Amino acid sequence: MTRLILLNKPYDMLCQFTDGEGRATLADVLPVKSVYAAGRLDRDSEGLVILTDDGRLQARIADPKHKLEKTYLAQVEGAPGPDALAALSEGVMLKDGMTRPARARLVDTPVWLWPRTPPIRARKSVPDAWIELTLREGRNRQVRRMCAAVGLPCLRLIRWRVGDWTLEGLPPGAWRDA
C-alpha cells in the first residue's frame with residue numbers, strides 16, 4: 001500500500017533527511033523511513049512538503065509536465081500594485097526564461113499564520129503585503145525570483161497547497177498521513 005505524508009516544513013530546515021553539517025532536516029520531525037519528498041522547499045521557505053514511498057507518484061507530483069498546481073503565500077516588501085500583479089499573472093522573464101502564466105492576487109495576512117523564528121524584520125518606513133501565487137511549474141526559487149523581478153522582494157514564503165492537498169490543520173513540524 002502506498003504511503004503519502006503531508007508535512008509542514010519549518011523555516012531553516014533542509015528538505016532532506018540527512019546533512020553532514022548538523023543542520024535541521026526532515027528526520028528531526030518525521031520518524032518515518034523509506035519515504036521521499038515529492039518536490040523540495042528551500043531551507044528559508046516553509047510549508048507543505050509531500051512525501052511518499054511510491055517513486056512513480058513522487059515523480060508525478062514533482063514533475064511540472066503534469067501541471068499539478070502549487071499555491072504559495074509570499075510576504076513581500078512593498079505594496080503590490082496592479083502592474084506587478086498583472087506581470088506575475090502573465091509570466092515574468094527570469095534568467096532561465098519566461099515563467100508560465102500564474103494566478104496572483106493580493107491577500108490579507110493569513111489568520112492561521114504561525115510566528116516565525118527568527119521573526120521577519122519589520123521596517124516602519126517600508127510597507128509589506130501578502131500575495132497568493134498559484135503556479136503550474138517549479139523552478140529553483142521561482143516564487144522568490146518572480147517577486148524580485150517585479151520589484152517586490154520576498155520576506156517570507158509558505159507553500160500552502162499542492163494539488164488537492166493543503167497545510168490546513170498542520171502546525172510547523174507536524175505531519176499526517178493523507
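The values are calculated or read from the model by the stated rules, or taken from the named source; none is laboratory data. Predicted model, so just to flag it, every value in this text is computed and none were measured. In this analysis, Cβ positions are derived from the backbone assuming ideal geometry, glycine residues included, and neighbour counts consider all displayed protein chains.
For the range 109-127: of the residues being of a type in the set (A, V, I, L, M) and loosely packed, with under 10 Cβ neighbours inside 10 Å, which is modelled with the lowest pLDDT?
Step by step, filter the range 109-127, then rank; the result is A122.
Quick one: in the range 62-92, which of the residues that are of a type in the set (G, A, S) and either touching a residue at least 24 places away in the same chain (Cβ under 8 Å) or part of a helix (DSSP H, G or I) (or both) is nearest to G47 (Cα to Cα)?
Restricting to residues being of a type in the set (G, A, S) and either touching a residue at least 24 places away in the same chain (Cβ under 8 Å) or part of a helix (DSSP H, G or I) (or both), the top hit is A74.
Can you give me the number of residues within the range 142-160 that are part of a strand (DSSP E or B) and either surrounded by fewer than 22 Cβ atoms within 10 Å (Cβ to Cβ) or at positive phi (or both)?
Adding up the residues that qualify gives 4.
Conditions: (1) in the same structural domain as G169 (by TED's automatic domain parsing); (2) in contact with a Pro (Cβ under 8 Å, 6 or more places away or on another chain); (3) over 18 Å from D164 (Cα atoms). V76 meets all but one. Number of the miss?
(1)
Are any residues in the range 42-88 farther than 15 Å from L133 by Cα and either buried (at least 21 other Cβ atoms within 10 Å of the Cβ) or touching a Ser or Thr at 6+ places or on another chain (Cβ under 8 Å) (or both), and if so, which ones?
Of everything in the range 42-88, those that are farther than 15 Å from L133 by Cα and either buried (at least 21 other Cβ atoms within 10 Å of the Cβ) or touching a Ser or Thr at 6+ places or on another chain (Cβ under 8 Å) (or both) turn out to be V49, I50, L51, T52, D53, D54, L57, Q58, I61.
Is it the case that the range 95-111 has a residue that's over 27 Å from H66 (Cβ atoms) and out of contact with any Phe, Trp or Tyr (no Cβ under 8 Å at 6 or more places or on another chain)?
Yes, the range 95-111 contains a residue that is over 27 Å from H66 (Cβ atoms) and out of contact with any Phe, Trp or Tyr (no Cβ under 8 Å at 6 or more places or on another chain).
Determine whether R156 is in contact with an Asp or Glu (Cβ under 8 Å, 6 or more places away or on another chain) and under 24 Å from L51 (Cα atoms).
Yes: the conditions hold for R156.
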